[in-house]
Amino acid sequence: MKYTQSKDKLLSLIREGGKLDWKNQAKLTALLSFPSMLAQVVHILMQYIDASMVGSLGAQASASIGLVSTTIWLFGSLCSAASVGFYVQVAHRIGANDFAGARRVLRQSFMACILFALTLSCIGVGISSSLPHWLGGGKDICRDASLYFMFFSMCLPFSMLNSLCSGMLRCSGNMHIPSLLNVGMCLLDVLFNWFLIFPSRTYEWSMFNVQCSMNVPGAGLGVVGAVLGTALAFVVCSGLMCYFTVVRSKELSLRQESGTFIPQLSTLRESFRIAAPIAVEHVILCGAQIVSTLIVAPLGTVAIAANSFGITVEALCYMPGYGISDAATTLVGQSLGAGRRLLARSFGRITLSMGIAFMTLMAVVMYCCSPALMTIMTPDAEVQRLTVQILRIEAFAEPMFAASIVCYGIFVGARDTLIPCAMNLSSIWVVRITLATVLASTMGLRGVWIAMAVELTFRGIIFLIRFRGDSWLKAFKPKENR
């Protein structure tokens with residue numbers, strides 16, 4: 001209760017033109033960032049448990065998921081991009097004290113986003129049988145990879161609903177409900193996986209010199225059980241997220257007045273202007289990720305599995321950065337909606353400093369703890385060794401990766417998406433893919449990750465250069481938001 005009152009009081013100062021000194025700005029940034037960061041960290045810990053469950057089945061099972069992971073990221077990020085186009089509008093309207101306008105955008109976003117997600121779902125199911133073969137997977141992993149991607153595609157509407165409603169709540173200043181629900185989703189994912197991945201088994205232990213045993217039922221579905229567990233968790237969480245958005249939210253509850261759910265042209269046009277560059281970026285960026293997968297795939301099952309585990313473990317570093325980036329989008333968006341450019345820049349500096357500091361700390365943790373983490377996640381010694389090597393290469397790039405992540409959130413809050421998207425794409429295609437292609441032939445998977453580290457450092461530097469200028473602030477035109 002005290003947290004909510006303090007946060008709401010400080011947010012109201014943004015909208016009402018009140019004075020916010022540096023101390024209160026930092027306090028508000030922390031109040032919005034920490035719940036999201038906690039949710040991101042717990043989410044990653046649950047992913048580790050999830051990966052270790054699949055990893056216990058062997059390198060083949062891990063490789064089957066790793067093969068389609070980049071395409072899964074593409075479909076999920078397209079859903080996320082579509083939702084950004086609407087919830088950034090909501091942040092600006094709330095900053096301008098136009099709560100009725102924010103609710104109008106929310107209503108219209110539901111039909112537009114769900115129809116988009118259903119379209120993606122049909123496409124995903126349609127290509128699921130051929131996708132692993134297109135990506136160069138071997139016969140030993142293609143069947144499981146295909147089933148995993150098919151079931152993931154079927155749950156995309158729920159993923160979209162979760163992304164949309166959590167974004168709406170965050171941009172209204174409510175960080176704790178989306179964070180708690182996403183933590184709950186992760187816990188449900190692990191619980192469902194526990195019963196769906198493994199067959200029925202018996203656990204035995206001794207207590208006070210008494211031999212005890214417990215029978216645990218299980219479906220024994222392996223890789224398919226992992227994706228079904230995730231899908232069920234999304235169904236439960238998205239329903240609750242929708243309830244807290246449209247019924248319980250003080251700012252967004254749709255019970256406060258009636259209105260149409262049919263998207264209006266002006267809302268769609270503005271959403272497209274914000275989301276289209278992000279969506280195009282994700283498509284081309286995922287194309288780069290798929291090219292990276294094609295570079296890694298010929299290196300063998302061990303390399304594919306190590307690459308998949310490396311991506312999962314590295315998230316320990318960058319997910320807190322995305323939590324701070326969410327706060328940056330909210331703070332900058334509401335500040336600009338209220339016509340306070342200097343405050344928006346100040347919030348940008350604070351969130352940027354916080355993101356770099358946290359991700360640097362997490363990089364040190366990853367560097368030191370990666371051997372212990374990998375012994376938990378897979379019993380394969382060769383996969384463990386290779387994954388630790390690539391993670392320690394990547395650790396040195398995390399501070400500048402933080403700069404690019406948080407700067408991107410700042411720019412999104414200002415509706416500045418086109419140039420940052422072009423910067424991301426140029427960096428990845430020109431620097432990362434070129435270097436990875438050259439280095440993979442002589443250094444294997446280590447060369448691919450060296451290329452990634454070099455590119456992330458370069459990307460962070462160019463994002464910092466853009467943040468120092470004023471062009472990102474000029475992308476926001478208050479008269480369009482009134």
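The values are calculated or read from the model by the stated rules, or taken from the named source; none is laboratory data. Worth saying up front: this structure is predicted, and the values here are computed from it rather than measured. Note that we place each Cβ from the backbone using ideal geometry, even for glycine, and neighbour counts take in every protein chain shown.
The table for this structure:
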| quantity | calculated |
| --- | --- |
| Matching residues in region 120-144 - criterion: being more than 17 Å from Ser62 (Cβ to Cβ) and of a type in the set (A, V, I, L, M) | Leu120, Ile123, Val125, Ile127, Leu131 |
| Residues that are touching a Ser or Thr at 6+ places or on another chain (Cβ under 6 Å) and buried (at least 20 other Cβ atoms within 10 Å of the Cβ), drawn from region 191-233 | Val223 |
| Matching option when the condition is at pLDDT below 90, within 21 Å of the chain's Cα centre (by Cα) and of a type outside the set (Val, Ile, Thr), among Cys369, Cys421, Cys407 | Cys421 |
| Residues within region 365-387 that are touching a residue at least 24 places away in the same chain (Cβ under 8 Å) and either more than 15 Å from Gly300 (Cβ to Cβ) or crowded, with 20+ Cβ neighbours inside 10 Å (or both), tallied | 14 |
| Qualifying position, being hydrophobic (A, V, I, L, M, F, W, C), out of contact with any Pro (no Cβ under 7 Å at 6 or more places or on another chain) and part of a strand (DSSP E or B), among Trp205, Trp194 | Trp205 |
| Residues being free of Cβ contacts under 8 Å to residues at least 60 places away in the same chain and crowded, with 24+ Cβ neighbours inside 10 Å - total across region 400-419 | 1 |
| Search result, residues across region 234-266 that are surrounded by 20 or more Cβ atoms within 10 Å (Cβ to Cβ) and assigned to a helix (DSSP H, G or I) | Phe234, Cys237, Ser238, Met241, Phe244, Thr245 |
| Residue among Thr375, Thr351, Thr312, Thr330 that alone is at pLDDT below 85, assigned to a helix (DSSP H, G or I) and either under 25 Å from Gly17 (Cα atoms) or not small (Gly, Ala, Ser) (or both) | Thr312 |
| Which listed residue is assigned to a helix (DSSP H, G or I) and either more than 30 Å from Thr378 (Cα to Cα) or without any contact (Cβ under 8 Å) to a residue 40 or more places away in the chain (or both), from Leu294, Leu343 | Leu343 |
| Check on Met150, under 23 Å from Ala59 (Cβ atoms), out of contact with any strand residue (DSSP E or B) (no Cβ under 8 Å at 6 or more places or on another chain) and either part of a helix (DSSP H, G or I) or not β-branched (Val, Ile, Thr) (or both) | yes |
| Pro157 within 19 Å of Gly229 (Cα to Cα) and either assigned to a helix (DSSP H, G or I) or within 20 Å of the chain's Cα centre (by Cα) (or both) | yes |
| Hits in region 416-437 (condition: charged (D, E, K, R) and under 17 Å from Lys474 (Cα atoms)) | Asp416 |
| Test: Leu342 is more than 21 Å from Gly447 (Cα to Cα) and crowded, with 20+ Cβ neighbours inside 10 Å | no |
